[in-house]
Amino acid sequence: MTGRGEKVAIVGIGSSTLSRDGGRSVGGLALDAVRNAIIDSGVPRDKIDGVSGIYSTDLPTVWPGYVVESLGLKNIVWSNCSSPPSANTVTEGILAVAAGACDYAVCYHAKFRWDMVSGAARKDPLRRAPRGAFDPAMTMPLVEPVGVPNGMFAAMQRHAHEYGTTREDLGKIVVNNRNWALENPDAVFHDAPLSMEDYLAAPQIAPPLSALDMDMPIDGAMAVVITTAERAADLPNRPAVVEASSNAITGGTDFFFRAFDSYASYRVLVERLWNKSGLTIEDMDVVNIYDGFSSLALEWIEAAFDVRGEASGFLEDSWNAETGKLSFLGRIPMSTHGGNIGEGRVQGFGHVLEAVRQLRGTAGTRQVESAKNVLVVNGNNPVNAGMILSAG
Amino acid sequence: MTVTWPTRMDHDTVAYWEGLREAKLILCRCRECETWIHPPRACCPACWSDDIGHESPSGQATLFSYLIQPTAPKQPPEVVGWAELVEQKELFVVAPVEGMSFDNVEIGAKLTLGFREQGGISLPVFSAGEEK
């Protein structure tokens with residue numbers, strides 16, 4: 001990442017527990033993640049001078065002021081409250097440190113099973129969300145008469161129509177992520193194997209998607225600490241250096257009316273990462289692909305590997321039926337933590353933390369030998385984020 | 001449950017909702033470059049003109065994509081369509097599609113605009129087939 005010529009790195013990572021019921025408020029979860037990331041980084045609390053979070057999300061969380069006050073951070077000179085997806089809080093922190101707006105930024109995001117998530121959550125009086133519609137495209141009233149349909153599902157229908165994409169294709173993504181989650185002790189699906197047969201037997205709630213195609217709603221928060229690569233040399237962890245980051249948006253950007261253009265944005269974002277870093281997909285050792293729905297991951301894979309409309313054959317070529325995992329180009333695994341589908345929904349933040357673990361060499365049984373470069377992509381149109389992290 | 005639409009109206013969408021009170025689909029259209037604009041916007045995305053007029057499209061469309069949307073318990077689900085109006089590529093109206101079974105939806109099918117009363121207003125609904 002070259003702004004003023006200084007490279008920037010992730011030097012600390014932290015997480016709350018990830019579970020269906022963490023027994024903590026959404027604020028408590030955020031504080032767990034932020035504290036753990038700062039402790040992990042080795043940066044003294046009073047040196048933390050930047051804080052970035054995400055609000056304006058479909059499911060509310062806590063803003064930076066809450067974290068600053070609750071954790072007694074006294075020296076904040078840069079703060080930011082970004083729009084989703086979760087990696088936006090990280091890319092903002094990267095920019096702030098690169099620009100010299102602060103020296104040590106902590107960037108967090110928290111997710112919570114609010115009452116609007118499910119019938120079960122509605123029965124819990126501790127899960128009532130702050131009220132207020134999330135409608136930044138100002139279009140929701142136009143689709144409320146038809147039940148606010150999710151344009152992402154219609155985008156998948158269109159993809160299947162144009163390219164012949166099938167449930168088996170999506171199943172490979174879901175089963176890959178669930179199998180990796182079995183190796184992640186923190187994953188919400190750590191103890192829940194899922195076979196391709198199980199996947200294909202699941203009822204299609206929004207055809208061709210089933211509940212298994214959606215990321216798992218959980219109580220969970222994550223955070224990172226970012227500083228310059230130069231300062232990182234004095235800290236205990238091997239830094240994950242940011243080679244490039246992007247938040248590209250193009251094409252139609254409305255969740256309801258024109259959710260069909262995500263791929264165009266993904267391509268702009270991915271091309272920017274390659275051009276800025278001088279790296280290519282061939283240089284990647286792991287790809288952590290956003291999977292809010294398996295269908296979003298499918299189009300991200302098409303963009304990352306430049307195989308538009310060919311996902312079906314590409315996934316088939318990459319599929320190992322014995323392990324139930326994907327291996328792109330014969331060697332690149334996807335989302336070794338289990339993704340949002342296997343680890344739980346922190347809206348793609350787990351993809352960032354897992355990239356750092358892989359680059360530090362601390363991913364346990366999931367470790368990819370000598371992993372040097374990881375691609376992380378996050379979100380969907382109109383909220384995209386991505387980065388390439390490298391072992392420092 | 002009686003619902004009155006819209007739940008919110010602003011300077012850009014008022015003409016759309018006023019049109020539906022009279023069972024007319026009124027969309028924004030740039031008077032400078034004739035680009036149709038929906039959802040409604042204050043400025044033309046093509047030429048940046050502020051001169052936004054309002055017109056009714058022909059009502060002819062094709063089904064670009066769809067969703068199977070649950071309705072009430074024990075009732076069959078509804079097909080919600082992204083109707084691509086013949087006036088312009090990717091000019092969508094999102095509305096229910098009638099005359100098409102939810103287990104046999106055909107992307108690319110011809111659609112014709114109609115209306116149905118719901119919550120005290122006439123809302124757009126498409127039916128399969130061309131206008132007779």
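Every read-out reported here was derived from the displayed coordinates using simple, explicitly stated rules and does not represent laboratory data. Keep in mind that this is a model prediction, so the values were computed, not measured. Cβ atoms come from the backbone with ideal geometry, glycine included; neighbour counts cover every protein chain shown.
Structural remarks
- Only lysines eight or more places from A:LYS172 in sequence, or on another chain, were considered; those with a Cα closer than 22 Å are A:LYS325.
- Taking amide H atoms as placed 1.01 Å from N in the peptide plane, the amide H of B:SER65 lies under 5 Å from those of B:TRP82, each 5 or more residues away in sequence or on another chain.
- Note on the protein assembly as shown: Rg/Rh from C-alpha atoms, Kirkwood Rh, equals 0.98.
- Rounded to whole numbers, the Karplus 3J(HN,Hα) couplings from phi for region A:9-22 are 9, 8, 10, x, 9, x, 9, 7, 5, 10, 7, 6, 8, x Hz, using 6.51 cos²θ - 1.76 cosθ + 1.60 with θ = phi - 60°, and x at Gly and Pro.
- Proximal lysines relative to B:LYS89, as straight alpha-carbon distance under 25 Å, when same-chain residues fewer than 8 apart are discounted: B:LYS24, B:LYS110, B:LYS132
- Spatially proximal lysines relative to A:LYS47 (Cα-Cα < 28 Å; intrachain offsets below 8 disregarded): A:LYS7, A:LYS74, A:LYS111
- Electrostatic tally near A:GLY344: other residues with Cβ closer than 9 Å to its Cβ, Lys and Arg +1, Asp and Glu -1, net -1.
- Among A:ILE54, A:ILE94, the ranking by other beta carbons within 10 Å of each residue's beta carbon, starting with the fewest, stands as A:ILE94, A:ILE54.
- Partnerless cysteines, meaning none of the other Cys C-beta atoms lie under 4.7 Å away, in the protein assembly as shown: A:CYS81, A:CYS102, A:CYS107, B:CYS28, B:CYS43
- Net charge contributed by nearby residues that have their C-beta within less than 12 Å of A:THR166 (K/R +1, D/E -1): -1
- Of B:LYS74, B:LYS89, the sequence from fewest to most neighbouring Cβ atoms within 10 angstrom is B:LYS74, B:LYS89.
- Averaging 1/r over every pair of different alpha carbons in region A:3-99 and inverting the result gives a Kirkwood radius of 14.1 Å.
- For A:GLY12, the amide hydrogen comes within under 5 Å of the amide hydrogens of A:VAL225, counting only partners 5 or more places away or on other chains and with H modelled in the peptide plane.
- Whole-Hz couplings from phi, Karplus 6.51/-1.76/1.60, listed for region A:248-259; x for Gly and Pro: 5, 9, 8, x, x, 10, 10, 4, 9, 8, 9, 8
- With Rh defined as the Kirkwood radius, the inverse of the mean 1/r over Cα pairs, the Rg/Rh of region B:14-128 is 1.01.
- For region A:293-333, the convex hull spanned by the alpha carbon atoms encloses 71 Å³ per residue.
- Cβ-based exposure ranking for A:GLU343, B:GLU22, A:GLU310, in which fewest neighbours within 10 Å come first: B:GLU22, A:GLU310, A:GLU343
- Residues in region A:83-99 carry Karplus couplings, in order, of 7, x, x, 4, 5, 4, 5, 6, 5, 5, x, 4, 5, 5, 5, 4, 7 Hz; the curve used is 6.51 cos²θ - 1.76 cosθ + 1.60 with θ = phi - 60°, and Gly or Pro positions show x.
- Around A:ALA311: net Lys/Arg minus Asp/Glu count, Cβ-Cβ under 9 Å: -3
- Peptide B:66-73 - average C-beta neighbours from other chains (10 Å radius): 5
- Within region B:14-128, percent of DSSP bridges classed antiparallel, to nearest 5: 95 percent
- Other-chain or far-sequence residues with amide H under 5 Å of A:SER335's (modelled H): A:VAL287, A:ASN288, A:ILE289
- Taking 7 Å steps out from each Cα toward its Cβ at A:VAL307 and A:ALA133 produces label points 4.1 nm apart.
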